[in-house]
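Below: one structure, written as structure tokens.
The values are calculated or read from the model by the stated rules, or taken from the named source; none is laboratory data. From a predicted model like this one, the values you see are computed outputs, not experimental measurements. Glycine also receives a Cβ, built like all others from the backbone with ideal geometry; neighbour counts cover every protein chain displayed. Calculation scope for accessible area: heavy atoms of the full protein, side chains included, ligands and nucleic acids excluded. Shrake-Rupley method; radii C 1.70, N 1.55, O 1.52, S 1.80 Å.
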Amino acid sequence: MRFVLASASPARLRVLQDAGLCPEVLVSGVDEDQFGDLAAVALVQALAKAKAEQVAASLPDADLVLIGCDSLFEFAGEVFGKPGSAQRARQRCRALSGKSGLLHTGHHVIVRTNGMQSCRTAVATTGVNFGEFSQAEIEAYVATGEPLNVAGGFTIDGYGGAFIAGLQGDHTNVIGLSLPLFRQLLADLGVSYHQLWKKSESPDNDSG
């Protein structure tokens with residue numbers, strides 16, 4: 001059975017690899033602009049499903065476990081995707097300084113065995129509390145390039161981690177994929193999470 005991650009995100013891949021899983025990465029060509037002005041939770045759910053389904057359709061004969069994800073940050077009623085530019089990243093940092101918001105990640109899991117396919121969709125939400133940014137810190141952080149291409153314009157597993165004062169909820173969700181939610185969705189589909197762990201070689205116990 002193939003295990004596929006339908007996402008180009010290096011952070012999502014790293015979350016899975018650090019947890020002992022080794023997915024095959026296949027990226028969808030979903031046009032995110034076609035989903036219009038949905039609310040944040042509905043949007044990440046729809047995008048995760050669309051990405052997963054498109055990749056699964058490209059593998060019509062394969063038995064597989066496949067997960068698609070999409071993340072957005074919600075702050076003061078506004079949806080923050082990737083800043084995309086240094087100017088916008090600076091504006092985000094200034095706005096978030098000393099404040100809190102919500103990181104939403106949509107998860108869509110597909111399991112296909114013997115031609116039978118089933119799926120589950122869910123959204124994980126984590127509250128994120130930010131420390132105060134000085135102007136010098138904002139300029140230095142933006143200069144790293146890290147915040148330009150991540151949801152909300154921040155990370156917790158890189159340069160940005162020092163600016164996160166606290167979390168309410170799952171920290172892996174903020175990186176891009178909630179491992180506890182993924183485990184639960186797999187269980188709902190009849191797959192044990194540990195079945196996806198990489199198989200390691202048995203240690204050599206030969207004392208000679």
> Within region 1-14, which residues are of a type in the set (Lys, Arg) and buried (at least 19 other Cβ atoms within 10 Å of the Cβ)?
Replying inline: Arg12
>> Quick check on my filter: what residues within region 76-102 are open to solvent by 10 Å² or more (accessible area, probe 1.4 Å) and out of contact with any strand residue (DSSP E or B) (no Cβ under 8 Å at 6 or more places or on another chain)?
In response: Gly77, Glu78, Lys82, Gly84, Ser85, Ala86, Gln87, Arg88, Arg90, Gln91, Arg94
> Quick one: what pairs do we get from region 115-144, first residue free of Cβ contacts under 8 Å to residues at least 12 places away in the same chain, second aromatic (Phe, Trp, Tyr) and surrounded by 14 or more Cβ atoms within 10 Å (Cβ to Cβ), C-beta under 9 Å, 6+ apart or different chains?
Replying inline: Ala140/Tyr159
> Inside region 20-42, can you point out the residues that are open to solvent by less than 80 Å² (accessible area, probe 1.4 Å), assigned to a loop (DSSP other than H, G, I, E, B) and aliphatic (A, V, I, L, M)?
Replying inline: Leu26, Val30, Leu38, Ala39
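Yes/no per residue for (1) closer than 28 Å to Arg2 by Cα; (2) over 15 Å from the mean Cα position of the chain (by Cα); (3) surrounded by fewer than 19 Cβ atoms within 10 Å (Cβ to Cβ):
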| position | (1), (2), (3) |
| --- | --- |
| His104 | yes, no, no |
| Cys119 | yes, yes, yes |
| Asn129 | no, yes, yes |
| Ala140 | no, yes, yes |
| Asn149 | no, no, yes |
| Ala162 | no, yes, yes |
| Leu179 | yes, no, no |
| Gln184 | yes, yes, yes |
| Gln195 | yes, yes, yes |
> Which one of these does Ile110 not meet: (1) touching a residue at least 60 places away in the same chain (Cβ under 8 Å); (2) open to solvent by less than 10 Å² (accessible area, probe 1.4 Å)?
Replying inline: (1)
>> Checking the condition surrounded by fewer than 16 Cβ atoms within 10 Å (Cβ to Cβ) and part of a helix (DSSP H, G or I), which residue from Gln45, Gln54, Gln17 passes?
In response: Gln17
> Does Thr125 satisfy the criteria of being within 30 Å of Phe3 (Cβ to Cβ) and not in a helix (DSSP H, G or I)?
Replying inline: yes
